[in-house]
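The values are calculated or read from the model by the stated rules, or taken from the named source; none is laboratory data. Just so we're clear, the structure is a prediction, and the values are computed from it rather than from any experiment. As a convention, Cβ positions derive from the backbone with ideal geometry for all residues, glycine included, and neighbour counts pool all protein chains shown. Just the protein is used for accessible areas: all its heavy atoms, side chains included, with ligands, DNA and RNA removed. Shrake-Rupley method; radii C 1.70, N 1.55, O 1.52, S 1.80 Å.
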Amino acid sequence: MSLVPRFFGRRSSVFDPFSLDLWDPFEGGASPFFRDIGHPARDDAAAIANTQIDWKETSDAHIFKADLPGLKKEEVKIEVEDGRVLHISGERKKEEEQKNDKWHRIERSHGKFLRRFRLPENAKAEEVKATIENGVLTVTVPKQPQPKPEVRAIEISG
């Protein structure tokens, strides 16, 4: 057990005080070693937490990108609240189970997700555009042009 936390890579020992894994007594029974046994509420929470979104700012827009494999545009909702808060939400439905199916593993997340971003003052919230292509959602929020600084010559007296 190291006394110095590791900054690169993930630590996985539940006995290491600097481990990034948190032990939850309700996860997988009473032991942290049964991580493969899922709990429905935790699976839904994982779907929310695992929706990762990139936000980049260019000279003329704010661009948000999210990987949403398998979702159609009808399953994703984009809203702007109060002209300043961008909401990206949706739901990945659980696959229908057939009576004679035998599942060996379920790793793909399902459930609802919601992410919110406070847009900066220079965002044109009324001109937001969104596309979804090959499972990648791209939301483009144009920026207002930067006002050019007003330069005024001052006459020197005397």
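List the residues whose amide H sits under 5 Å from the amide H of K124, counting only those 5 or more places along or on another chain, with H placed 1.01 Å from N in the peptide plane.
K143, Q144
Is region 54-131 best put as rounded, prolate or oblate by its Cα gyration tensor, with a ≥ b ≥ c the root eigenvalues, rounded for a/c under 1.5, and otherwise prolate when a/b is larger than b/c, oblate when not?
On the way: a/c = 3.43, a/b = 2.80, b/c = 1.22.
Prolate, because a/c is 1.5 or more and a/b exceeds b/c.
Within 10 Å of each candidate Cβ there may be at most 12 other Cβ atoms; applying that plus a DSSP loop requirement, which GluC sites (Glu not before Pro) in region 50-158 survive? Numbers along the way, then the final one.
On the way: sites: E57, E74, E75, E79, E81, E91, E95, E96, E97, E107, E121, E126, E127, E133, E150, E155; in loops: E95, E96, E97, E107, E121, E150, E155.
For GluC sites (Glu not before Pro) across region 50-158 that sit outside H, G, I, E and B with at most 12 neighbouring Cβ atoms in 10 Å, the list reads E95, E96, E97, E107, E121, E150, E155.
Which lysines, if any, have their Cα less than 29 Å from the Cα of K148, not counting same-chain residues under 8 positions apart?
Counting by Cα, and skipping residues close in sequence, K148 has these lysines nearby: K56, K124, K129.
Report S109's accessible area, 1.4 Å probe, all protein chains in place, as a number in Å² to the nearest 10.
The value for S109 is about 40 Å².
Where does the charge balance sit around Q146 when Lys and Arg score +1, Asp and Glu -1, over other residues with C-beta under 15 Å from its C-beta?
Cβ neighbours under 15 Å give a net charge of -1.
Which loop-located trypsin sites (Lys or Arg not before Pro) does region 60-127 contain, where loop means any DSSP state but H, G, I, E or B and the Cβ has at most 12 other Cβ atoms within 10 Å?
Of the trypsin sites (Lys or Arg not before Pro), the ones in loops of region 60-127 whose Cβ has at most 12 other Cβ atoms within 10 Å are K72, K93, K99, K102, R105, R108.
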